[in-house]
Amino acid sequence: MLLVKKNIPSILKILFTIGFGYFFWLMLKITLEYIPLKTEVSFLMIKQTEVINRPEYLWFFYTHVYMSIFILLSGFLAILRKNFGLKNFHRNSGKVYIFLLLIFSAPSGVYMGCFANGNVFSKISFIILGSLWWFTTFRAYQFARQKKFKQHKQWMWRSFALTLSAITLRMWKVIIVYFFHPNPMDVYEIIAWMGWVPNILLIEYLITKKII
């Protein structure tokens, strides 16, 4: 029993790596749908009001989508806390993650949240998500600068849990539609919260139990 308990973190890492690799590939395929710049494909098909009436919306959208795929990868590499034989690989991965997220993806995400599908609660959820995403990442950056690496690690995990909402949101959408067949707008109202709230609660539990 003790041996199993000691191996839990390693087992979780292996499962997490396999799962991340699979879903990262799916996210990459989604991102590639918007290359070259297309306005009548996938998600943008239901955002034509914003596309037509708000010229800036597309720039925020493309910024968010294109940057997020690099944030997913660099964030994953950073939380592995390995250099893979390359000098400062962990530190540089973290720098890329923090820079792209704070400057590009989180602000664009907050903007897009103002026009999220569904009712006002969907919009509130995505605005909170974007704001927490920025805040947790900034705190991780602050603790790294202060060389408080335990706190830095914890806040990076919180940040990355929110980053993974890009994946978990879509997972919940598939599950909810498959089992319950709700109205499309009702789906957005549910996954707006389900995409990130369980993630952050799970990370808080793992941090409290000192598993990560």
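The values are calculated or read from the model by the stated rules, or taken from the named source; none is laboratory data. All figures in this text were calculated on a predicted structure; none of them were measured in a lab. Heads up, the Cβs are rebuilt from the backbone with ideal geometry, glycines too, and the neighbour counts pull from every protein chain shown. Just so you know, the surface numbers come from the protein's heavy atoms only, side chains and all, with ligands and any DNA or RNA stripped out. Shrake-Rupley method; radii C 1.70, N 1.55, O 1.52, S 1.80 Å.
Overall shape of the range 26-209 was characterised from the C-alpha gyration tensor. The equivalent ellipsoid obtained from it has semi-axes of 29, 19, 15 Å, in decreasing order. Considering only Phe179, Phe126, Phe16, the Gaussian network model of the chain with Cα springs below 10 Å gives its largest mean-square fluctuation to Phe179.
Straight-line cross-link partners of Lys150 among the lysines, defined as a Cα under 19 Å from its Cα and at least 8 positions apart when in the same chain: Lys13, Lys82, Lys95, Lys209, Lys210. Legend: residues Ile167, Ile190, sorted from most to least accessible area (1.4 Å probe; ligands, DNA and RNA excluded), read Ile190, Ile167. The lysines whose alpha-carbon is closer than 23 Å to the alpha-carbon of Lys38, local same-chain residues fewer than 8 away aside, are Lys29, Lys47. Here the sum of -39500 (n - 2.57) over DSSP H runs of 4 or more residues, divided by the residues of the chain, equals -25500 deg cm²/dmol at 222 nm, to the nearest 500.
Against the chain, whose longest principal axis comes from its Cα atoms, helix 89-100 is set at around 30 degrees. The long axis of helix 120-145 is offset from the longest Cα principal axis of the chain by roughly 30 degrees. Annotation: aspartates and glutamates with alpha-carbon distance below 18 angstrom to Lys173 (same-chain offsets under eight excluded): Asp186, Glu189. Placing one equal scatterer on every Cα of the range 115-166 and applying the Debye formula, the log10 ratio I(q)/I(0) at q = 0.20, 0.23, 0.28 Å⁻¹ is -0.66, -0.77, -0.96. What residue among Pro182, Leu37, Phe104 has its Cα farthest toward the positive end of the dipole of the chain, where the charges are +1 on Lys, Arg and -1 on Asp, Glu, each on the Cβ? The residue sitting most towards the positive pole is Phe104. Okay, which of the range 154-176 sit inside 11 Å, backbone N to the point 7 Å along the Cα-Cβ direction of Phe43? Counting only backbone N, you get 166-167, 169-170.
In a reduced charge model with +1 at each Lys and Arg Cβ and -1 at each Asp and Glu Cβ, the range 26-209 shows a dipole moment near 1220 debye about its Cα centre.
Taking a point 7 Å from the Cα of Phe179 along the Cα-to-Cβ direction, the residues of the range 135-172 with backbone N closer than 18 Å to it are 168-172.
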